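Right, one structure below, let's go through it.
Each reported figure results from applying straightforward, stated rules to the coordinates on display, with no laboratory input. In this text the structure is predicted, and so the values were computed from the model without any measurement.
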Amino acid sequence: MMQVKGENGITFELADEVATAMITAGILEETTSDEASPSSEAVPADEGDTAEETSKKSKK
């Protein structure tokens, strides 16, 4: 997974292949680990997941 940032400044993770393609196309920019610190508006991907959803993700 790769951290990327959109035009609106929101930072999120995408699969490497997707992120690389979108960065190359100029749609997104890659963030460094310094820039990837979550803002107060950012919600972790796992927050709000039910136990069932989490178990489905781990089986993939």
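The HN-Hα couplings worked out from phi for the range 12-22 by the Karplus form 6.51 cos²θ - 1.76 cosθ + 1.60 (θ = phi - 60°) are 8, 9, 9, 4, 3, 5, 5, 4, 4, 5, 6 Hz, whole numbers, x standing for Gly and Pro.
Under a 5 Å amide H cut-off, with hydrogens placed 1.01 Å from N, Leu28 pairs with Ile23 among residues at least 5 apart or on other chains.
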